[in-house]
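I have placed the structure first, in the form of structure tokens, so that the comments after it can refer back to it.
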Amino acid sequence: MINDTLSIFEYIAEKYPDLSLWPNDLALRTQARNLCAEMHSGFTALRNHCAMNIGPDLSHAGAIIWPDQPSVHADVARFEAAWADCMELSGGPFLCGGFSAVDAYFAPVVMRLKYYGLPVSQQTTQSYISAVCDHPKVSAWVDQAIATAEFFTFEEPYRLATDAAPIGT
């Protein structure tokens, strides 16, 4: 049984090399794997303070979290720097040029930035957020998440049931 996300990606990449989950370029592939490993075990402040939640406008919670949690600032600064490095190396629009495993890994971070309305300091970051959100597979994932969302007060103490309307509706 394979249940670790990194192992799952590696298994799929080995079994189906034509899917191009990892970039062909060695430098980009190394960066992608390194960032996936960092995402896998890091960014705990963002994870702890901004629960994964697709759909509702949580900018009111983000406006409280941002000034009160310097560790969230540190997480955002770290991935902004990493994203800028990758985009400079690859030319974008995704971290390693075309959409790959590393972008799938960071899609939950993108969703947190978007729905919590957390500020980003670089235009590169905003461009990346837009590229990920506009990707057809990510858009389908977001649509499905919104369509099947359930609100549980005990899981979302920062949100009211009345906040359940998705952004843009």
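Quick rundown of the values:
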{"read-out": "Of all residues making up the range 110-131, the number that are of a type in the set (A, V, I, L, M) and in contact with a Lys or Arg (Cβ under 9 Å, 6 or more places away or on another chain)", "value": "2"}
{"read-out": "One residue from Trp83, Trp66 being touching a residue at least 40 places away in the same chain (Cβ under 8 Å) and more than 15 Å from the chain's Cα centre (by Cα)", "value": "Trp66"}
{"read-out": "Residue tally, condition part of a helix (DSSP H, G or I), surrounded by 14 or more Cβ atoms within 10 Å (Cβ to Cβ), in contact with a helix residue (DSSP H, G or I) (Cβ under 8 Å, 6 or more places away or on another chain) and free of Cβ contacts under 8 Å to residues at least 40 places away in the same chain, over the range 34-59", "value": "2"}
{"read-out": "Hits in the range 86-107 (condition: surrounded by fewer than 17 Cβ atoms within 10 Å (Cβ to Cβ) and in contact (Cβ under 8 Å) with a residue 40 or more places away in the chain)", "value": "Leu89, Gly98"}
{"read-out": "Residue within the range 154-162 that is farther than 20 Å from Arg47 by Cα, modelled with pLDDT under 95 and in a helix (DSSP H, G or I) present", "value": "yes"}
{"read-out": "When residues of the range 1-33 are limited to those that are surrounded by fewer than 16 Cβ atoms within 10 Å (Cβ to Cβ), of a type in the set (A, V, I, L, M, F, W, C) and outside any helix (DSSP H, G or I), the one nearest to the chain's Cα centre (by Cα)", "value": "Ile2"}
{"read-out": "Per-region count, the range 110-140, residues part of a helix (DSSP H, G or I) and in contact (Cβ under 8 Å) with a residue 60 or more places away in the chain", "value": "3"}
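The values are calculated or read from the model by the stated rules, or taken from the named source; none is laboratory data. None of these values were measured; they are calculated from a predicted model. Ideal geometry is used to build each Cβ from the backbone, glycine not excepted, and the neighbour counts take in all protein chains shown.
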